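In what follows, a structure is listed as structure tokens, so that the remarks can point back to it.
Bear in mind that the values in this text are calculations on the coordinates, not laboratory data. None of these values were measured; they are calculated from a predicted model. So basically every Cβ, Gly included, is an ideal-geometry build from the backbone, and we count neighbours across all protein chains shown.
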Amino acid sequence: MIPTITAFERSPDRGRGLARDMRVRWALEEVGQPYDVRLVSFDQMKQPAHLSLHPFGQIPTYEEGDLVLFESGAIVLHIAERHSGLLPDDADARARAIAWMFAALSTVEPPIVERAMATLFEREKPWYEARLPALDESVAVRLRALSLQLGDADWLDGLFSAGDLMMVTVLRRLSRSGILNAYPNLLAYVARAEARPAYQRAFAAQLAVFNAWAINE
Ligand SMILES: N[C@@H](CCC(=O)N[C@@H](CS)C(=O)NCC(=O)O)C(=O)O
């Protein structure tokens, strides 16, 4: 059965692949599962039809027969559990890969998103300049630890897994900030992941959505 995911009709990131449908697209591409996409506007996301799929009125969602999922982490985990290629067969290695997915979403992503939101919405506020160093330090605390953990390995725990997929999508949010430049191994880690054919197909697919919108504007 071909699953259907939802994505922004017009992504605020203008096709940079930062919206969370990118993770789901990438996971589906890694496992070779074709998928359909239903594009939604900000207005549609808050209407009953979409709210029946996603209680918080966000993207992405995932529909596969009677199954409806929201939360990008849960969706990627579902894909990884139903197909081979994103989680190791060994039970302990599999548990560790899942731990890295949680680490990406609950330990590394929050300070990165908090910083990103401040740079987007608080730049003109009187407290912005004073707040930024603390936000930067919260991000740096996580990046220093992650960089140490990765060392000179290609991936976080053996072969590429859903843990890496999730972590890279989180780190990519920093790409324009220059913050990753202080961590050459993390920069290389992100570049290594972005070079994967599945990543490139997913990126091109979400970019095509933005370009199609931009041409019609
Ligand atoms: N924790 C959720 C976050 C979902 C989320 O924040 N989605 C954003 C796009 S990346 C969204 O729909 N924003 C519009 C809104 O919240 O109204 C996940 O990982 O799926």
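Points to keep in mind about this one:
- Residue in the range 80-99 that is near the ligand (Cβ under 10 Å from one of its atoms) and surrounded by fewer than 20 Cβ atoms within 10 Å (Cβ to Cβ) present: no
- Wholly enclosed helices (runs of 4 or more DSSP H) of the range 121-215 bearing at least 2 residues loosely packed, with under 15 Cβ neighbours inside 10 Å and at negative phi: 128-150, 184-194
- Residue in the range 2-16 that is more than 9 Å from the ligand (Cβ to nearest atom), surrounded by 13 or more Cβ atoms within 10 Å (Cβ to Cβ) and over 18 Å from the mean Cα position of the chain (by Cα) present: yes
- Scan of the range 59-72 for residues that are surrounded by fewer than 20 Cβ atoms within 10 Å (Cβ to Cβ) and within 13 Å of the ligand (Cβ to nearest atom), ordered by number: Phe70, Glu71
- Count of the range 164-180 residues which are in contact with a Phe, Trp or Tyr (Cβ under 8 Å, 6 or more places away or on another chain) and among the β-branched types (Val, Ile, Thr): 2
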